[in-house]
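Only one structure is covered here, and it is reproduced in the block below.
Taken together, the values in this text are just the output of simple stated rules run on the coordinates, not laboratory data. Being a predicted model, the structure only gives us computed values, none of them experimental. Glycine also receives a Cβ, built like all others from the backbone with ideal geometry; neighbour counts cover every protein chain displayed.
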Amino acid sequence: MLRISKADYDLIRWEAERSYPHECCGIILGTVSGDHRAVTLTLTCDNASTQSPANRYSINPERVIAALKLARSRAEIIVGFYHSHPDHPPRYSETDLLEAHWFDCSYVITSVEHGRAAATRSYVLVGSEDHKGFEEEKIEIVAYEPALPVAN
Ligand SMILES: [Zn+2]
């Protein structure tokens, strides 16, 4: 399951609309307990795909390294990635699976229909490089989560 604040969820969907008719993409930081990933920060990225940004996305490797360093400094990890499907369903493509290498991470896809964000779905990458697959997971949207425990 992917637990995400309404603000981060809205940001991902807004990015999908803003980038239309191109794909948007970004990195999601957070924490993991069991198979629950909790989003703490969404990092928007430029789509580095110059060949066909309307149906491909690419995140600059330097951006990923910076995200890893940032995550470490926050005692967090990269819990996922997001991108959009302009005028295509929120279903992962063969290319999405082929280019996914972060196991146990969430791959969030938002479909955009005529410039408006439609469905958002999330898939976990499971298996190994030789035999991998995506499993759809539930997205839990939380309205507000206190960052610190409240002292009595
Ligand atoms: Zn895709």
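Values for this structure:
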read-out: First in the range 84-97 and in contact (Cβ under 8 Å) with a residue 12 or more places away in the chain, second anywhere and in a loop (DSSP other than H, G, I, E, B) and more than 9 Å from the ligand (Cβ to nearest atom), Cβ under 7 Å, 6 or more apart; value: SER84/CYS24; PRO86/TYR20; PRO86/PRO21; PRO86/HIS22; PRO86/ALA54
read-out: Extreme residue, surrounded by the most Cβ atoms within 10 Å (Cβ to Cβ), among residues of the range 46-104 that are near the ligand (Cβ under 10 Å from one of its atoms) and assigned to a helix (DSSP H, G or I); value: ASP96
read-out: Extreme residue, nearest to the ligand (Cβ to nearest atom), among residues of the range 14-28 that are buried (at least 21 other Cβ atoms within 10 Å of the Cβ) and not hydroxyl-bearing (Ser, Thr, Tyr); value: GLU23
